[in-house]
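The values are calculated or read from the model by the stated rules, or taken from the named source; none is laboratory data. The structure presented is a predicted model; accordingly, all values stated were derived computationally and were not measured. Neighbour counts run over all protein chains shown; Cβ positions are idealised from the backbone, glycine included. Side chains included, ligands, DNA and RNA excluded: accessible areas come from the protein's heavy atoms. Shrake-Rupley method; radii C 1.70, N 1.55, O 1.52, S 1.80 Å.
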Amino acid sequence: MDGSQATVTVRPFRAGDERPWDDFVLAHSHGTFFHLSGWRRVIERAFRHPTYYLVAERGGSIAGVLPLALVKSLLFGSSLISNAFAVRGGPLAADAESLRALEGAALRLMDELAVPALELRDFSASRADWPSRSDLYAIFRRALDPSVDGNMKAIPRKQRAMVRKGIHNQLRSEIDDGVDRLHRIYAESVHYLGTPVFAKSYFRILREEFSGSSDILTVLYDGRAVASVLNFYFRDEVLPFYGGGVRAARGLAANDFMYWEVMRRACERGCRIFDFGRSKVGTGSYAFKRNWGFQPTPLIYQFRLAPGRSLPALNPLNPKLAILISAWKRLPLAVATRLGPLIVRGIG
């Protein structure tokens, strides 16, 4: 029996699967950075959440992969998520049979673990009988011009003026060796927005696991770090993922300058896609990315729910959560930085 006629089987991820798993992801047209096997170690090390990475095989070769993490929270309940703490990560399969096998295995795992919700993060609502949410997040991606000057000219006039303001303020960027400045700046930035911050160890683990495909760009003003961002690189794409600025950054146009520097450096290293990441619809970051000339593409997250369960309501625009966000902003930064990791690990 040749490989195309062999039965598809699904098994758990095991030691030694890292290379063939990642090779499959890199070769698949819908593979993303968030499908890579390194996320399994990141989630287990940083958050202590159990992972259930599934491998579909046909004739001894990988025919599909599905990264799953079980995220438990006293505040938000439990969910089996593909992929937790990521923009995307739904099942990747070489054919329809392998896709069905992976989804079937995920449903059985959901029942075995008695989890009320299974969440698959993707671009399409391919499962007609599953509830979906497409109005919460959008992703922003755009092709880069081969030249630095071409990328500058592609930025809309008003936003380009902000970049030039940062240049006029004599801001400069450098690649950071450690995560200390990034975490300090990011903690201040998200606290201002009313969002719990991740632990510094999470950023350190990300850099360790993706040491060859990530960097940290920090922006300085008069020798002081005012903005910083952690970037990932996947195939020919750059993904600025965790970034922010101190209070003074806005007046200096430091965030504008920071993302331009990421774009400029990515262009120089041969990247062809700038992935601005996801933003919640109706938020400031959503508008900021539109100002750069990026057009939003809705992210469609689909759910399989246990009987009697409803879609998770982890939306900061929800009036109930808005009260909690307002209260979080009033906490002293030092207190919020200590408490944040305890909360955010349960959001996924």
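Some notes on this structure:
- The alpha carbons of the stretch 133-190 stretch over 43, 34, 22 Å along the principal axes, in descending order.
- Accessible area, probe 1.4 Å, largest first, for residues HIS30, HIS191: HIS30, HIS191
- The angle between the Cα long axis of helix 319-329 and the longest principal axis of the Cα atoms of the chain comes to about 50 degrees, rounded to the nearest 10.
- By DSSP, the beta bridges lying fully in the stretch 23-154 are antiparallel in about 80 percent of cases.
- For the chain, carbon and sulfur atoms together expose 52% of the accessible surface, with a 1.4 angstrom probe and every protein chain in place.
- Debye, to nearest 20: dipole size of the chain, +1 on Lys, Arg Cβ, -1 on Asp, Glu Cβ: 1460 debye
- Per residue value of the accessible surface for the chain (all protein chains in place, 1.4 Å probe), Å²: 47 Å²
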